[in-house]
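Below you'll find the structure, written out as structure tokens, and then a few comments.
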Amino acid sequence: MFLFNKRSLASQVIGLSVFKTVVDNSPNAVIILNIDGVILYANNTALKLIELPLSHIINKKQNFIRFVDGKTGKDLNDLIEKLVKSGKSVRDFNKNSIILKSNGKTVSVAISVTPFKDKDDKIIGSFIIFRDTTQDKEIEQTKTEFVSLASHQLRTPLSTINWYSEMMLTGDTGKLTKEQNRYVEEIYHGTQRMIELVNDLLNISRIDLGTITIKPEVVNFKEVIESVLSELFPLIKNKKIRIEEKYDKSIPNIILDSKLARIIGQNLLSNAVKYTPKNGQVFISINKLKNKLLIKIADTGIGIPKDQQAQIFSRLFRAKNAKEKLTEGTGLGLYIVQLAVEKLNGQVWFESIENGGTTFYVSIPLKGIKKRGGVKLKE
């Protein structure tokens, strides 16, 4: 079954022996399929993870082993089958994959699919390679909990510094000299940046941990956008940015979580304004499309380089031109937007040309959300 070249029987036996030794001693689970998705072999690591003997899975179709999305419960076997037939090599294509074992147990895994070819370069099968990510997730959980605790504890002293510096700048504590005022302004602006970072980290940790309380209530996305625009007005005015708004007359209210809706609007609009040069334009539209609400935020800003677009929703990532334009920034805004949109069962995507602006789209189901679990943290 593994004969890829016409060689002598002795060399084939030696080759298969070496191949089997390498596969069986791999720390990763390996399942070998033919082009039709039939299981030809599985190494010891794979058998241990699925808790089945080789005799139970050999010559069975790949979907005999149940791979599913741990968050949605969606079956992943059809996707794996398509990847096998397409001959594409994909690494860790689903971060939330789990195996549903025949005994009812589950195990978290990261799955990769790699094709193999015969001597004529024809794809004749694939390796499904997966690894147990249980420990990785436990470590990630611990780190997230630490970030949540640290961020929460930092909010009080930062708020105190912010409050006192505001009082000094407004003259409530007495008149400052020109030099003193400059120093206090630096303290104030530095504190504002720290508060923004802490809030971003706290939002991420709450969403990741599932400790953010999802509170369904009537939300009007137009009102959310207009509220955020009023907050950004000083910066918009200073940069002389033209805001164009276009709202569908039939925009319905949706049952959403207002905090998550605001996180989406705030991050996308603030980015649009920050990265659009003076005298630029930001266009906002909200439309009802069948069973979804489509929010569109377009700018005439610096755009995103094509070679970095795949990373734009990654945690702590900032495009090269964004770093050059604004040295300040956490690289967390779009990551938080993606998390928030997912919690609302929506989708977010974008179109961008470097130096030609960026357009972000957010699609949210009109049916809204249901209340979910979570332990609300004290403010």
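Counting only helices (runs of 4 or more DSSP H) that sit completely within the stretch 177-286, those holding 2 or more residues that are touching a helix residue (DSSP H, G or I) at 6+ places or on another chain (Cβ under 7 Å) and more than 26 Å from Thr300 (Cβ to Cβ) correspond to 178-209. A single member of Leu33, Leu49, Leu40 is closer than 20 Å to Lys137 by Cα, touching a strand residue (DSSP E or B) at 6+ places or on another chain (Cβ under 9 Å) and not basic (Lys, Arg), and it is Leu49.
The residue that is nearest to Ile204 (Cα to Cα), counting only those in the stretch 321-351 that are in contact (Cβ under 8 Å) with a residue 40 or more places away in the chain and aromatic (Phe, Trp, Tyr), is Tyr335. Which one of these does Arg318 not meet: (1) without any contact (Cβ under 8 Å) to a residue 60 or more places away in the chain; (2) over 22 Å from the mean Cα position of the chain (by Cα); (3) crowded, with 16+ Cβ neighbours inside 10 Å? Unmet for Arg318, out of (1) without any contact (Cβ under 8 Å) to a residue 60 or more places away in the chain; (2) over 22 Å from the mean Cα position of the chain (by Cα); (3) crowded, with 16+ Cβ neighbours inside 10 Å: (2). Answer yes if at least one residue in the stretch 261-274 is surrounded by fewer than 14 Cβ atoms within 10 Å (Cβ to Cβ) and not acidic (Asp, Glu), and no otherwise. No.
One residue stands out among those in the stretch 288-304 that are over 24 Å from the mean Cα position of the chain (by Cα) and either β-branched (Val, Ile, Thr) or in a strand (DSSP E or B) (or both): the one that is surrounded by the fewest Cβ atoms within 10 Å (Cβ to Cβ), which is Leu289. Here the condition is being surrounded by 14 or more Cβ atoms within 10 Å (Cβ to Cβ) and within 20 Å of Gly265 (Cβ to Cβ); of Ile251, Ile161, it holds for Ile251 alone. Of all residues assigned to the stretch 87-100, none qualifies as being out of contact with any Ser or Thr (no Cβ under 7 Å at 6 or more places or on another chain), touching a residue at least 40 places away in the same chain (Cβ under 8 Å), surrounded by 14 or more Cβ atoms within 10 Å (Cβ to Cβ) and of a type outside the set (A, V, I, L, M, F, W, C).
Just one of the listed residues (Phe313, Phe283, Phe233, Phe221) is crowded, with 21+ Cβ neighbours inside 10 Å, among the aromatic types (Phe, Trp, Tyr) and either closer than 23 Å to Ile336 by Cβ or in contact with a strand residue (DSSP E or B) (Cβ under 7 Å, 6 or more places away or on another chain) (or both), namely Phe221. Filtering the stretch 305-349 to residues that are assigned to a loop (DSSP other than H, G, I, E, B), at pLDDT below 90, among the small types (Gly, Ala, Ser) and closer than 27 Å to Lys246 by Cα leaves nothing. The one condition from (1) in the same structural domain as Leu52 (by TED's automatic domain parsing); (2) in contact (Cβ under 8 Å) with a residue 24 or more places away in the chain that Gln192 does not meet is (1).
Can you find even one residue in the stretch 206-217 that is closer than 30 Å to Ser314 by Cβ, modelled with pLDDT under 75 and surrounded by fewer than 16 Cβ atoms within 10 Å (Cβ to Cβ)? Yes. For the stretch 152-161, the criterion of a residue being under 31 Å from the mean Cα position of the chain (by Cα), charged (D, E, K, R) and modelled with pLDDT under 85 is satisfied by at least one position.
Going by the conditions given, is Thr142 surrounded by fewer than 15 Cβ atoms within 10 Å (Cβ to Cβ), among the hydroxyl-bearing types (Ser, Thr, Tyr), under 23 Å from the mean Cα position of the chain (by Cα) and not assigned by TED's automatic domain parsing to the domain that holds Leu79?
Spelling it out, Thr142 is indeed surrounded by fewer than 15 Cβ atoms within 10 Å (Cβ to Cβ), among the hydroxyl-bearing types (Ser, Thr, Tyr), under 23 Å from the mean Cα position of the chain (by Cα) and not assigned by TED's automatic domain parsing to the domain that holds Leu79.
Restricting the first member to the stretch 105-133 and to residues that are free of Cβ contacts under 8 Å to residues at least 60 places away in the same chain, and the second to residues that are outside any strand (DSSP E or B) and among the aliphatic types (A, V, I, L, M), the beta-carbon pairs closer than 7 Å and six or more apart or on different chains are Val107/Leu49; Val113/Ile80; Val113/Leu83; Val113/Val84.
The values are calculated or read from the model by the stated rules, or taken from the named source; none is laboratory data. It should be emphasised that the depicted structure is a prediction, and the values quoted were computed from it without experimental measurement. FYI the Cβ positions are ideal-geometry reconstructions off the backbone, even for glycines, and counts take in every protein chain you see.
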